[in-house]
Amino acid sequence: MKLNYKRVILVGMAFFLISAFWQAYDAIIPLILTNHYGLPQAVSGAVMSIDNVLAVFMLPLFGALSDRVNTRYGKRTPFILIGTLVAVVSFVALTFIDNYQLALLGAESIPALAEGGLSDKELAERALQLTLENPLPLVGFIATLLVVLIAMATFRSPAVALMPDVTVKPLRSKANAIINLTGTAGGILVLVLGMVFATSKNRYMQYTGYVVAVVAIMLVGLIVFLLTVKEKKWAKEMAEESVRLGVEEHEEETDGEKRKLSRPELTSLLLILASVALWYVGYNSITSKYSVYATNVLGFDFNMTLIIAQAAAIVTYIPVGMIASKIGRRKTILAGVLILGTAFLIGHFITPETPAFLMYPIFIMAGIGWATINVNSFPMVVELARGGDVGKYTGYYYTASMSAQIVAPILSGLLYDICGGMRYVFFLFGSVFVFLSFVTMFFVKHGDSKIIEKKDLLSQLDVD
C-alpha cells in the first residue's frame with residue numbers, strides 16, 4: 001500500500017483544529033488568569049492543569065469507547081463532530097465572562113494604573129484583591145472553561161486514533177509526520193492571528209475577536225474533514241492491506257481472550273510511557289507559561305518565537321519520518337531528546353538585555369527536537385496495539401502525556417513562587433526533565449515498525 005499523502009492530510013484536519021485550539025488556549029488563558037484575575041503562578045498553574053486532570057480519565061475512556069462504536073459515519077467521526085461544536089461555542093462564551101472582569105478592572109482604574117508605571121507585582125495584587133472581593137466572574141470563568149475542556153477531551157483520542165486506523169504499521173511514522181505537519185499549520189495560523197490581534201502587547205485586552213477568529217479556523221478544519229474523510233471505507237482498505245502484507249497479526253485468542261503483550265513488550269510499553277511523561281513535564285512547563293515568561297520577564301513578543309519554532313518543526317517532520325524508517329524510531333527519538341534538552345538549557349542564558357532575535361535559533365532547535373520526538377513516540381505505542389485496540393493504546397499515550405502535564409504547570413509554578421520569579425528556573429526546569437527521558441528511552445526494546453522484505457518495500461511503500 002502506498003502512503004496516500006492526500007488522505008493523511010484530510011484525516012489530519014481533525015488534528016489541525018485541535019492544534020489551533022490548544023495554541024490559542026496556551027497563549028491567552030495564562031495571561032487572563034495572571035493579568036486579569038491576579039492569580040499567583042502556582043494557582044494559575046493549577047488551573048492550567050485542569051485539562052490534563054480531565055484528560056487522564058477521559059482520553060482513555062473515550063479512546064476505548066470509540067473502539068467499540070460503529071455508526072454509518074465510522075468510529076471516530078461522531079466524537080469529532082459533537083466535541084468540536086460544543087468546544088467552539090463555549091470557548092467564545094468564555095471571552096464574554098472575561099470581558100465582564102475587564103469591565104470591573106476598568107471601573108477600578110487598574111488599566112490606567114498600569115500605564116502610570118505600577119509594577120507587575122502591584123498590578124497583580126490589585127487585580128487579585130478585586131477578584132477576592134467579587135469572585136463570581138472567576139467562578140463563571142472556571143465553570144465555562146471546564147465545559148470547553150470536557151468537550152475537547154471527548155474527541156482528542158478518537159481524532160488521533162484515526163491515523164493508525166487508516167494507515168498500515170510500517171507507514172505510521174511517515175503518516176504521523178504529515179499529521180503533525182497539518183496540526184502545526186493550524187498552530188501557526190493561530191500564532192499569526194496572535195500577532196495580528198497583538199495578544200502579547202496589551203495586558204488588559206479583550207480576547208473575543210481573537211477567539212472568534214480562532215473558532216472560525218477550527219470550523220473550517222471541521223467542515224473539510226466532514227466533507228472529505230470516508231472513515232469506514234478507508235479503515236476497511238487498511239485492514240485488508242495489512243493482512244495482505246503480513247504486518248498485522250491476526251487476533252490470536254487464548255480461552256476466548258486476545259493475546260496479551262509479552263513481558264518484554266510490556267516493559268517496553270511502560271518505558272515508552274515513562275519517557276513520554278518525562279519529556280512532557282519538561283516541554284509543557286515551557287509551553288504553558290512561555291507567553292507569561294516572554295511578556296513579563298523578557299519583554300519579548302512570544303508569538304514570533306513560537307512561529308519560528310513551529311516553522312522549524314514543519315521543515316523537520318517529513319525528513320524525521322524518513323530517517324526513522326531507516327535507523328529506527330528509538331534512535332531518532334533519543335537524538336530529538338538531546339536536541340530539545342540542549343535548546344532549553346541554552347535558553348536559560350537569555351536575559352531581558354539579550355537581543356530578542358537570539359532567542360530564534362534556540363526555538364529552532366526546540367522545534368526540531370520536539371518534532372523528532374513527537375513524530376515517532378505515538379507510533380511506537382500503537383505499534384504494540386492489537387488491531388481492535390488502537391483507541392485504547394492511544395488513551396495510554398495520552399494518559400502518560402496528560403498526567404505529566406498535570407504536574408508540570410503546578411510544580412513549575414510553585415517553584416517560581418518559591419524562587420521569587422521565573423527568571424532563573426524557567427528553562428532549567430524544562431531541560432532537566434527532558435534529559436531524564438533520555439535514560440528511560442534508552443532501555444526501550446520494542447515499538448519500532450516490523451520490517452518487511454525489501455522487495456515488498458520497493459513495491460508497497462513508495463509514496464504518491
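Observations, loosely collected:
- Summing charges over neighbours of Ala27, with a neighbour being any other residue whose Cβ is under 12 Å away from its Cβ, gives -1 when K and R count +1 and D and E count -1.
- Accessible surface, 1.4 Å probe, highest first, among residues Phe427, Phe357: Phe357, Phe427
- Length released on extending from Tyr360 to Phe96, taking residue separation times 0.36 nm less the Cα-Cα span: 91.6 nm
- Local net charge near Pro352, Cβ-Cβ under 15 Å (Lys/Arg +1, Asp/Glu -1): -2
- In Å², nearest 10: area of Lys174 left accessible to a 1.4 Å probe: 50
- Taking 0.36 nm per residue of separation and subtracting the current Cα-Cα distance, fully stretching the chain between Leu338 and Ile418 would add 25.9 nm.
- Helix content alone sets the calculated 222 nm mean residue ellipticity of the chain: runs of n ≥ 4 DSSP H residues at -39500 (n - 2.57) each, divided across all residues, give -25500 deg cm²/dmol.
- Cross-link pairs Lys331/Lys445; Lys289/Lys331; Lys6/Lys232; Lys233/Lys260; Lys2/Lys392 - those with Cα-Cα distance over 19 Å: Lys289/Lys331; Lys233/Lys260; Lys2/Lys392
- Approximating the spin labels as points 7 Å out from Cα along Cα→Cβ, the Ile223-to-Val192 distance works out to 1.7 nm.
- Area of Trp22 that stays accessible when all protein chains are in place (1.4 Å probe, Å², to 10): 40
- Solvent-accessible surface of the chain, taken per residue with a 1.4 Å probe and all protein chains present: 40 Å².
- The stretch 131-182, accessible surface, carbon-and-sulfur percent (1.4 angstrom probe): 74
- In this structure Phe16 has an accessible area near 20 Å², from a 1.4 Å probe over the protein heavy atoms.
- R0 of 30 Å, Cβ-Cβ distance Lys331-Leu428: FRET efficiency to nearest 0.05: 0.65
- Correct option for Rg/Rh (Cα atoms, Kirkwood Rh) [calculated from the coordinates] among [x] 0.94; [y] 0.98; [z] 1.16: [y]
- Cα-based helix-to-principal-axis angle, 390-418 vs the chain, degrees rounded to 10: 30
- Scattering curve values for the stretch 17-76, log₁₀ I(q)/I(0), Debye with Cα scatterers, q = 0.17 Å⁻¹: -0.72
- Between Glu108 and Ala143, the contour length at 0.36 nm per residue exceeds the Cα-Cα span by 10.1 nm.
The values are calculated or read from the model by the stated rules, or taken from the named source; none is laboratory data. Just so it is clear, the model here is predicted, and its values are computed rather than measured. All Cβ positions, glycine included, derive from the backbone under ideal geometry; neighbour counts span all protein chains shown. All accessible areas refer to the heavy atoms of the entire protein, side chains included, with ligands and DNA or RNA removed. Shrake-Rupley method; radii C 1.70, N 1.55, O 1.52, S 1.80 Å.
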